[in-house]
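A quick write-up on the structure given underneath.
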Amino acid sequence: MPHCELSYSDDLGIDAKAILSEVEACILRHDDGAGETKGRAYPAPIFHHSHLKASVVLLSKPHRGAAFTAALQQDLVALIAAHLPPKCWLSVDITYSTATYHTEFLE
């Protein structure tokens, strides 16, 4: 299951929940077996220059190589940028979990 964290200056006036939903849909378009994306948003009231950083973490899989990562990043940048006002910075970081990462749904 992917994770997405949005850290951003709170002057942007964005709908973080909508962005997280679109990020999940984008990841599923690239890999329909990815599962739900666990998302969190952290608006920062204290900042220097308007910006948003999206950190996306995926499980390592053989089909998620350089081409997959580049295509996903390009689409994520485009979809997130569509939510941002002009004159702000956008960063998108895609990383992969290590072999020791464990996740499970607790019931």
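At-a-glance table
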| item | result |
| --- | --- |
| Residue-normalised accessible area of the chain, expressed per residue, 1.4 Å probe, Å² | 62 |
| DSSP-defined antiparallel bridges as percent of all bridges, the chain, nearest 5 | 30 |
| Overall Cα dimensions of the stretch 46-107, principal axis frame, Å, largest first | 39, 31, 21 |
| Within the accessible area of the chain (1.4 Å probe), percent carbon and sulfur | 57 |
| Rounded FRET efficiency, nearest 0.05, which uses the C-beta distance separating T69 from L12 and R0 of 22 Å | 0.30 |
| Coordinate range along principal axes, alpha carbons of the chain, Å, largest first | 38, 34, 21 |
| Heavy atoms of T98 accessible to a 1.4 Å probe, total area in Å² rounded to 10 | 90 |
| The stretch 35-107: relative contact order as a whole-number percent, Cα under 8 Å and 6+ apart | 47 |
| Whichever lysines have a C-alpha closer than 25 Å to that of K87, once near sequence neighbours (fewer than 8 apart) are set aside | K17, K53 |
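The values are calculated or read from the model by the stated rules, or taken from the named source; none is laboratory data. Everything quoted here is computed from the prediction, not taken from an experiment. For neighbour counting, all protein chains shown are included, and Cβ atoms are generated from backbone atoms with ideal geometry for every residue, glycine included. Accessible surface areas use protein heavy atoms only, side chains included; no ligands, DNA or RNA. Shrake-Rupley method; radii C 1.70, N 1.55, O 1.52, S 1.80 Å.
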